[in-house]
Each structure stands twice: as C-alpha cells, then as structure tokens.
Amino acid sequence: MKTIQKYSVGVLAAALVVLSGCAGMTHQEKGTAAGAVIGGVVGSASGGGVLGTAAGAAVGGVIGHEVTK
C-alpha cells in the first residue's frame, strides 16, 4: 500500500506543476489535461503499473476532451 501512496503523491505533485502552467489553455484543453491526470492516478492506483497508468491517462484524456466539448 505504501508504494501506491508514493506513486499517488508523485503523480499529484506532477499534476500540480503541470496544471499551474495552464493559464493560456482553452477550457477544452484544461478538461483534457485534467482527465488525463485523473485517469493516470486511477490507473496507477488500480495496480496497473506503468501500462495501467498510461492507459488510464489516455482514456481519461479522451473522456475529459469529450466532456468539455
């Protein structure tokens, strides 16, 4: 469980750094980025490793993009 917590903290810290630079992004781009971050965290927390994190980020990005159309 501690490994998941370490990865989650790292992903959240990276998300804060990335999302803090979103001032010039459109609403849809922000939705895509937020979806990718949330999907990556969920994929990582589900125990999927690197592949699960990447797949979660991809699916989350697509969902975030479509929701903010």
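Any read-out appearing in this document is the output of simple, stated calculations on the displayed coordinates, not a laboratory observation. Not measured: the values here are computed from a predicted model. Cβ sites come from the backbone with ideal geometry, for glycine too, and all protein chains shown count toward neighbours.
Using 0.36 nm per residue of separation minus the Cα-Cα distance, give me the extension gain between S8 and S46 in nm, one decimal.
12.6 nm
If packing is taken as the mean number of other Cβ atoms within 10 Å per residue, what is the order of 38-45, 9-16, 52-59, 25-32, highest first?
Highest-to-lowest ranking by the protection proxy: 38-45, 52-59, 25-32, 9-16.
How large is the direction-averaged shadow of the alpha-carbon convex hull of the stretch 20-69, in nm²?
Averaged projected hull area, Cα only: 3.3 nm².
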